[in-house]
1. Does the range 31-39 contain any residue that is away from the ligand (no atom under 11 Å from the Cβ), surrounded by fewer than 24 Cβ atoms within 10 Å (Cβ to Cβ) and at pLDDT 95 or above?
2. What's the number of the only condition in (1) away from the ligand (no atom under 14 Å from the Cβ); (2) modelled with pLDDT of 95 or more that ALA86 fails to meet?
3. Before we move on, is SER345 open to solvent by less than 10 Å² (accessible area, probe 1.4 Å) and among the polar types (S, T, N, Q)?
4. Report whether or not LEU349 is within 24 Å of PHE47 (Cβ to Cβ), in a helix (DSSP H, G or I) and among the hydrophobic types (A, V, I, L, M, F, W, C).
5. Sort out which residues of the range 322-346 are aliphatic (A, V, I, L, M) and away from the ligand (no atom under 11 Å from the Cβ), and write them in order of number.
6. Taking the stated definitions as given, is ALA288 farther than 15 Å from THR37 by Cβ and either part of a helix (DSSP H, G or I) or open to solvent by less than 30 Å² (accessible area, probe 1.4 Å) (or both)?
7. Condition first: more than 19 Å from THR50 (Cβ to Cβ) and buried (at least 19 other Cβ atoms within 10 Å of the Cβ). Now tell me which residues in the range 370-386 satisfy that.
8. When the residues of the range 327-342 are filtered to those that are surrounded by 22 or more Cβ atoms within 10 Å (Cβ to Cβ) and closer than 22 Å to VAL380 by Cβ, which remaining residue is nearest to the chain's Cα centre (by Cα)?
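The values are calculated or read from the model by the stated rules, or taken from the named source; none is laboratory data. This one's a predicted model, so the numbers in the text were calculated from it and none came from an experiment. When we count neighbours, we look across all protein chains shown, and the Cβ atoms used for this are built from the backbone with ideal geometry, even at glycine. We work out accessible area using only protein heavy atoms, side chains counted, and drop any ligands, DNA or RNA first. Shrake-Rupley method; radii C 1.70, N 1.55, O 1.52, S 1.80 Å.
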Amino acid sequence: MSAAATTLDAEFQNRFGADADGIWSAPGRVNLIGEHTDYNAGFALPFAITARARVAVRVTHSGEAVLESTFAGAAPVRVRLDELAAEDSGFSGDGGWARYLAGVVWAFARRGITVPGLDVLLHSDVPVGAGLSSSAAVECAIAVAVNDLAGAGLDRPELVQICHEAENDFVGAPTGILDQSASLLATEGSGLFLDCLDRSTRQVPLDLAARDLVLLVIDTRGTHAHESGGYRDRVASCRLGERVLEVSSLREVSAQDFAERAHLLDPETRRRVRHVVTENARVQDVVALLDAGRLEDIGPLLTASHVSMRDDYEISSPELDEAVDTALAHGALGARMTGGGFGGSAIALVPTALAETVSTAVSAAFERSGWASPHIYAVVPGPGAGREG
Ligand code: GLA
């Protein structure tokens, strides 16, 4: 067991006065490229990061899920499992993190997969609100736990579906399958080439160190949420684009179709659709370069993705733009915001020798603007979800 798992195991025993049946964990993710393409049946290339959400879980006969977490000030949440199974929408319990746990238990129950009771202790080191899928990490950790403890034997794609239902139908965030797929299906050392139309995946080797490169996460510490506001508006724009272009998803729109039919769209919808169309092409171009062993050449595509999100999809922020521009000005090969946007993190692909220079320059730029000091650190593709002990 990892040191973090051992600590959680001891804390579980401390709080519940009994041993956990096991520890399960699931990672957050960085999306290398392919943003806002997932709910358009498009392509994406995320990888799992080493930061993880962990749950210690014990099956009980209490008829309830007792949900605790190590988040500061988080009160325990108790949910009657029979009431949870009957619940159609929303969750009246407080505590944002608890909704993700309860939602997954609910999505299992919908399939007739239940346990007689659960004690759960959650600990996560995935930063919350940083665009690194802290919520999917929580969902996927409890999903692998319940799958094992209930003896359900569901495969990973089915667990992706369960977590996606928890997030969309229970928590109420209209997100795609990107985050849950990364957390459940990614493998150490690789990016996950994800086709959201048929949900097929392929591991694409991503060995940064072999090329003397690092991928920096620049967490701007401007937080975001996807249950409302801009994210929902963007989904609505895409649906409008589909109706006007008479396609079942924007995935079907090629660059040439777009050139021929873009005039049918109002200017805002045209920009949104253009982002999705061009982003799908960029993902495929990045994958082709990685397949050809040309990791150091993907930078311009990452940067073009950022420009598209800034100007066409309009989901960047002044902090994200500053992080990207400063990183590029100090030697990054490419940089872009990652995740849903409206805050969160940028990533920068940087020659190892320049990592310090880029970090220092970005921090200095933030200080000059009077913004909170960004959290900057290197990430590598880590393992997907699983049992730890
Ligand atoms: C969030 C959502 C994902 C995806 C990204 C944008 O992370 O949870 O489903 O839409 O934003 O690519």
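1. no
2. Here ALA86 meets the rest and fails (2).
3. Details: open to solvent by less than 10 Å² (accessible area, probe 1.4 Å): yes; among the polar types (S, T, N, Q): yes.
Criteria met by SER345.
4. Details: within 24 Å of PHE47 (Cβ to Cβ): yes; in a helix (DSSP H, G or I): no; among the hydrophobic types (A, V, I, L, M, F, W, C): yes.
In short, no.
5. Quick first cut of the range 322-346, residues aliphatic (A, V, I, L, M) only: 323-324, 327-329, 332-333, 335, 337, 346.
Within the range 322-346, ALA323, VAL324, ALA327, LEU328, ALA329, ALA332, LEU333, ALA335, ALA346 qualify.
6. Working: farther than 15 Å from THR37 by Cβ: yes; either part of a helix (DSSP H, G or I) or open to solvent by less than 30 Å² (accessible area, probe 1.4 Å) (or both): yes.
Judged against the criteria, ALA288 is a match.
7. To start, the set of residues in the range 370-386 that are more than 19 Å from THR50 (Cβ to Cβ) comprises 370-374.
Hit for the range 370-386 is PRO374, nothing else.
8. So in the range 327-342, the residues surrounded by 22 or more Cβ atoms within 10 Å (Cβ to Cβ) come out as 327, 332, 334-341.
Those left that are additionally closer than 22 Å to VAL380 by Cβ: 327, 332, 334-339.
Details: ALA327: 23, ALA332: 23, GLY334: 21, ALA335: 18, ARG336: 15, MET337: 13, THR338: 9, GLY339: 7 Å.
Filtering first and then ranking leaves GLY339.
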